[in-house]
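**Q** Pasting a structure below so you can have a look.
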Amino acid sequence: MRKKIYMFFIIVAMIFFNGCDKFSLPEEMIQKPNMDNKIAVAEKVIRDLPINYELIIPKNIEEGSAINFADLTGDGKEELIAVYKNKDKLNEYGIIILKELLGTWDQLYIIDGVAVEIDAIMLKDINNDGKHEIILKWLEEDEKIRVEVYGEKNNKMFLRFEKKCDDVEIIDLDNDNIDDIVLLNITEDGQIKASLYNIADSEGQLTNDIIIPSDGSVRSFTANSGKATEVINGIFVDVQIGIYSGYTELLIKKDGMLKKVFSKDVEDFGITQSMTITNDADIDKDGIREINILYKEEPLEIEIDENLMISSNNENPTIQKWYNWDGASGIIPKVDVFYDQTNGFRFYLPKEWNNNYVMEVNESKKIKYMFIYQRDEYPIRKVELARLIVIDDSYLDDFNRNASEAGRVFVDIGQNNGKTFKFYNNKNDSRVKKELKVDDEKIKVNFEIFR
Ligand SMILES: [Ca+2]
Ligand SMILES: [Ca+2]
Ligand SMILES: [Ca+2]
Ligand SMILES: [Ca+2]
């Protein structure tokens, strides 16, 4: 009975998918359902599955799902690749491959595997020979990942590569249309080892490996691959150092070898070191990944003479500074972000203010002020560029009355969760440098409210 309901859902998902791409609930069940007979064959897969087997969705569904289609044999027609589990036996999984021949779908091959779970299935033509490979990431009991790459030959699948690791990245690092496989492992002495393998026409030969230094006690890291510049792909590894801090290493392929860009050794992690561990990301969604370094202004207490001290009750907040790799050994500023998780917003500081501003925050229950000052002469003379304000809605009437009495014009940004966001743009102040004056619209669009 359960199987019938399950089958119904899968088929409904496929039908919906063909007619309406907004129906999203079971989308993870089937990858790329765009062929009429996929419905019939999905039905057949479920029908033919022995009673003790069930289809499963890999943990990471970004690359592949329970039922997938890809041309494994290079004949221009897609095979069906389904992932299932033996319900009666712990940790027993299988991948069944069906091939269409004269209108009927027959079993081509079965891949068996034992693991805690299937982390991911990927279908990718990694060696650019017109045949998609099956890449499986099995999660093992020791929390390591077992990577397996299967390729087709004479209608059979062959295991071309098998290795255990903590993480794997598969990306074409040198733009030769052949994917490069990089395994990342935490070594016994607490460093991270990155190993580049060539599986283009062999069974996976090690090209070279390098150590990404840490303080010798690294327990975890994250790795992401993507564009490091417009034309160079790379692997970004965010490494923890000590309890709080960290740095981002960039791995690239140069002269056929895996190379690291930033760190020198355990004494010198390089220019991407940050006071708190950060994750790289494509923060501005332009397709190129950025490195994140957290920055906090030194507390201000300037002694003007022995009797006069300038100090402030305000705090200098932590700013996320995002950088791009410059293609050599440096980084170039991309965007500064003030991130306020409590109030649910992010403010991208306008480019004009880069390296030219200092931010201060003053917060009470009713209201939060974020003063953005011109860096010149700060803190002796504090000239505001702009002021962002988060007002609790219970205090909004009072705020508006006070503002109107003071004759100050605040621009509305929006509202969220009982808070109102406004800003004041000080561009008309003659003390503000011309190149630091920005339009209201710019401040407004750089303010992102999470809903
Ligand atoms: Ca095929
Ligand atoms: Ca291939
Ligand atoms: Ca390559
Ligand atoms: Ca970017």
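**Q** Residues that are within 16 Å of ligand 1 (Cβ to nearest atom) and not in a strand (DSSP E or B): does the range 166-187 have at least one? Before you say what the answer is, go through the steps one by one.
**A** Within the range 166-187, the subset within 16 Å of ligand 1 (Cβ to nearest atom) is none.
Checked against the condition, which is being within 16 Å of ligand 1 (Cβ to nearest atom) and not in a strand (DSSP E or B), the range 166-187 yields no hits at all.
**Q** Is it the case that I252 is touching a residue at least 60 places away in the same chain (Cβ under 8 Å) and either among the hydrophobic types (A, V, I, L, M, F, W, C) or not in a loop (DSSP other than H, G, I, E, B) (or both)? Lay out the reasoning, then the answer.
**A** On the way: touching a residue at least 60 places away in the same chain (Cβ under 8 Å): yes; either among the hydrophobic types (A, V, I, L, M, F, W, C) or not in a loop (DSSP other than H, G, I, E, B) (or both): yes.
Yes.
**Q** I'd like to check which strands (runs of 3 or more DSSP E) are fully inside the range 315-400 and have at least 2 residues that are under 23 Å from D439 (Cβ atoms) and hydroxyl-bearing (S, T, Y).
**A** 367-374
**Q** Right, here's the next one. Hey, can you tell me all the residues within the range 127-151 that are of a type outside the set (K, R), touching a Gly at 6+ places or on another chain (Cβ under 6 Å) and in a loop (DSSP other than H, G, I, E, B)?
**A** G130
**Q** Does I57 satisfy being within 27 Å of K164 (Cβ to Cβ) and either in contact with a strand residue (DSSP E or B) (Cβ under 8 Å, 6 or more places away or on another chain) or crowded, with 20+ Cβ neighbours inside 10 Å (or both)?
**A** Judged against the criteria, I57 is a match.
**Q** Now, a different point. Can you tell me which of (1) of a type outside the set (F, W, Y); (2) at pLDDT below 80; (3) more than 29 Å from I145 (Cα to Cα) is the one M29 doesn't meet?
**A** Of the numbered conditions (1) of a type outside the set (F, W, Y); (2) at pLDDT below 80; (3) more than 29 Å from I145 (Cα to Cα), the odd one out for M29 is (3).
**Q** Would you mind telling me which numbered condition in (1) within 16 Å of ligand 2 (Cβ to nearest atom); (2) assigned by TED's automatic domain parsing to the domain that holds L251 K153 fails?
**A** If we test K153 against (1) within 16 Å of ligand 2 (Cβ to nearest atom); (2) assigned by TED's automatic domain parsing to the domain that holds L251, just (2) comes out false.
**Q** Any chance the range 217-233 includes a residue that's within 16 Å of ligand 4 (Cβ to nearest atom), touching a Ser or Thr at 6+ places or on another chain (Cβ under 8 Å) and more than 23 Å from Y93 (Cβ to Cβ)?
**A** yes
**Q** Looking at L98, L72, which one is within 15 Å of ligand 2 (Cβ to nearest atom) and not basic (K, R)?
**A** Answer to the selection: L72.
**Q** So N175 ticks every box in (1) within 10 Å of ligand 3 (Cβ to nearest atom); (2) modelled with pLDDT under 95 but one. Which box is left unticked?
**A** Of everything listed in (1) within 10 Å of ligand 3 (Cβ to nearest atom); (2) modelled with pLDDT under 95, N175 misses just condition (2).
**Q** Moving on. Exactly one of (1) under 22 Å from G113 (Cα atoms); (2) touching a strand residue (DSSP E or B) at 6+ places or on another chain (Cβ under 8 Å) is unmet by T207. Its number?
**A** (1)
**Q** What is the residue count in the range 87-122 for residues that are within 13 Å of ligand 1 (Cβ to nearest atom) and either exposed (fewer than 14 other Cβ atoms within 10 Å of the Cβ) or assigned by TED's automatic domain parsing to the domain that holds N198 (or both)?
**A** Qualifying residue count for the region: 2.
**Q** Would you check which residues across the range 41-68 are assigned to a helix (DSSP H, G or I) and touching a residue at least 40 places away in the same chain (Cβ under 8 Å) and list them?
**A** Those that are assigned to a helix (DSSP H, G or I) and touching a residue at least 40 places away in the same chain (Cβ under 8 Å): V41, K44, V45, I46, R47.
**Q** Looking only at the range 74-85, count how many residues are surrounded by fewer than 16 Cβ atoms within 10 Å (Cβ to Cβ) and free of Cβ contacts under 8 Å to residues at least 40 places away in the same chain.
**A** 3
**Q** Now a separate question. Which condition does D119 not pass, out of (1) without any contact (Cβ under 8 Å) to a residue 40 or more places away in the chain; (2) of a type in the set (D, E, K, R); (3) more than 26 Å from M257 (Cβ to Cβ); (4) part of a strand (DSSP E or B), if it passes all the others?
**A** All conditions are met except number (1).
Yes/no per residue for (1) over 16 Å from F423 (Cα atoms); (2) more than 37 Å from the chain's Cα centre (by Cα); (3) at pLDDT below 95:
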site: L349; (1), (2), (3): no, no, no
site: M359; (1), (2), (3): no, no, no
site: Y378; (1), (2), (3): yes, no, yes
site: R381; (1), (2), (3): yes, yes, yes
site: L385; (1), (2), (3): no, no, no
site: L396; (1), (2), (3): no, yes, no
site: F399; (1), (2), (3): no, yes, no
site: S404; (1), (2), (3): no, yes, yes
site: V409; (1), (2), (3): no, yes, yes
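**Q** How many of the residues making up the range 129-159 are within 16 Å of ligand 3 (Cβ to nearest atom) and either under 18 Å from L183 (Cα atoms) or in contact (Cβ under 8 Å) with a residue 60 or more places away in the chain (or both)?
**A** Total satisfying the criteria: 3.
**Q** Hey, another quick one. Identify the residue in the range 74-109 that is in contact with a helix residue (DSSP H, G or I) (Cβ under 8 Å, 6 or more places away or on another chain) and not acidic (D, E) and, among all such residues, is farthest from ligand 3 (Cβ to nearest atom).
**A** Among those residues, the one meeting the criterion is W105.
**Q** All but one of (1) surrounded by fewer than 21 Cβ atoms within 10 Å (Cβ to Cβ); (2) acidic (D, E); (3) more than 16 Å from ligand 3 (Cβ to nearest atom) hold for D125; state the number of the condition that does not hold.
**A** Unmet for D125, out of (1) surrounded by fewer than 21 Cβ atoms within 10 Å (Cβ to Cβ); (2) acidic (D, E); (3) more than 16 Å from ligand 3 (Cβ to nearest atom): (3).
The values are calculated or read from the model by the stated rules, or taken from the named source; none is laboratory data. Because the structure is a prediction, the values reported are computed rather than measured. Using ideal geometry, Cβ is built from the backbone for each residue, glycine included, and neighbour counts are taken over all protein chains shown.
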